[in-house]
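*Asks:* Sharing a structure here in structure tokens format.
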Amino acid sequence: MKIIEVQDQIEGGKVAFDLFKEKLQEGAQTIGLATGSSPLEFYKQIRESDLDLSNLISVNLDEYVGLTGDDPQSYRYFMEKNLFDAKPFKESYLPIGVEETAEQEVARYNQILEEHPVDLQILGVGRNGHIGFNEPGTSFDSQTHLVQLDASTIEANSRFFDKIEDVPTKAISMGIANILAAKSIVLFAYGESKAQAIKGTVEGEKTEEVPASALQGHPDVTIIADKEALSLLSR
């Protein structure tokens, strides 16, 4: 793992943007995208650039079950407002979070990932070490699956909703094996609340209780983090 310490999310977004341009120059075609606050500055850098993404494919990590794509809290809506409206891709794939067809959607999305191997995967990390919506205990061999969200994840995501009861309790997520299949991975982590997760990711035992620790076995992982998120590392 390569660790790049940055001052804040603004610097982190610029560093990630430079890495992104390098990967495009090397021929990257399919980009795995994440939602949440961590990649926002990275997406801003792309929006404000002169890059043309119209020949690229994007695949997103996950989507809530029970929200339509035009819901302001859905991840499709997030991606459209923060990236796609300004910089459209040739094709952009996200799971479709209709509860009645969730199992069929899992199979469909696994097929999409087989057809479009990811060259560069963007990740955040949860306080409990989750990547995507792969909560502690998820098998490292997991493919796209239907997830029952942990109470801690629901609580963390409640800041985006009017009340905690509005937060979906299920999601469709790429599995850990899907994530590890990416050629290169960039993970963002900011703030003291992510310090324990980063310690487990980098220096802890490789265990399914810390899903991000699966990244220890990947040949090309870059962690972009601030001083607070790196504060518990011994080196």
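The values are calculated or read from the model by the stated rules, or taken from the named source; none is laboratory data. Since we're looking at a predicted model, the values are computed, not measured. Neighbour counts run over all protein chains shown; Cβ positions are idealised from the backbone, glycine included. Please note that ligands, DNA and RNA were not included when accessible areas were found on the heavy atoms of the full protein model with its side chains. Shrake-Rupley method; radii C 1.70, N 1.55, O 1.52, S 1.80 Å.
*Asks:* Going residue by residue through segment 156-170, is there one that turns out to be on the phi < 0 side of the Ramachandran plot, open to solvent by less than 20 Å² (accessible area, probe 1.4 Å), touching a strand residue (DSSP E or B) at 6+ places or on another chain (Cβ under 7 Å) and among the hydrophobic types (A, V, I, L, M, F, W, C)?
*Replies:* No, that holds for no residue.
*Asks:* Looking only at segment 102-118, which residues are open to solvent by 10 Å² or more (accessible area, probe 1.4 Å) and in contact with a Leu (Cβ under 9 Å, 6 or more places away or on another chain)?
*Replies:* Answer for segment 102-118, where residues must be open to solvent by 10 Å² or more (accessible area, probe 1.4 Å) and in contact with a Leu (Cβ under 9 Å, 6 or more places away or on another chain): 103, 105, 106.
*Asks:* Given the conditions (1) under 16 Å from the mean Cα position of the chain (by Cα); (2) within 14 Å of residue 214 (Cβ to Cβ), and given that residue 139 satisfies all but one, which numbered condition is not satisfied?
*Replies:* Every listed condition holds for residue 139 apart from (1).
*Asks:* Moving on to the next point. Before we move on, is residue 86 in contact with a helix residue (DSSP H, G or I) (Cβ under 7 Å, 6 or more places away or on another chain), modelled with pLDDT of 95 or more, more than 21 Å from residue 147 (Cα to Cα) and of a type in the set (Gly, Ala, Ser)?
*Replies:* yes
*Asks:* Still on this structure: Any idea which residue in segment 175-220 is least open to solvent (accessible area, probe 1.4 Å), counting only those that are among the aliphatic types (A, V, I, L, M) and in a loop (DSSP other than H, G, I, E, B)?
*Replies:* That would be 182.
*Asks:* Here is a further query. For residue 223, work out the one condition from (1) in contact with a Phe, Trp or Tyr (Cβ under 9 Å, 6 or more places away or on another chain); (2) open to solvent by less than 30 Å² (accessible area, probe 1.4 Å); (3) farther than 28 Å from residue 57 by Cα it doesn't fulfil.
*Replies:* Only one criterion in (1) in contact with a Phe, Trp or Tyr (Cβ under 9 Å, 6 or more places away or on another chain); (2) open to solvent by less than 30 Å² (accessible area, probe 1.4 Å); (3) farther than 28 Å from residue 57 by Cα is unmet by residue 223, namely (3).
*Asks:* Is it the case that segment 10-32 has a residue that's in contact (Cβ under 8 Å) with a residue 12 or more places away in the chain, exposed (fewer than 15 other Cβ atoms within 10 Å of the Cβ) and within 23 Å of residue 191 (Cβ to Cβ)?
*Replies:* Yes, because at least one residue in segment 10-32 is in contact (Cβ under 8 Å) with a residue 12 or more places away in the chain, exposed (fewer than 15 other Cβ atoms within 10 Å of the Cβ) and within 23 Å of residue 191 (Cβ to Cβ).
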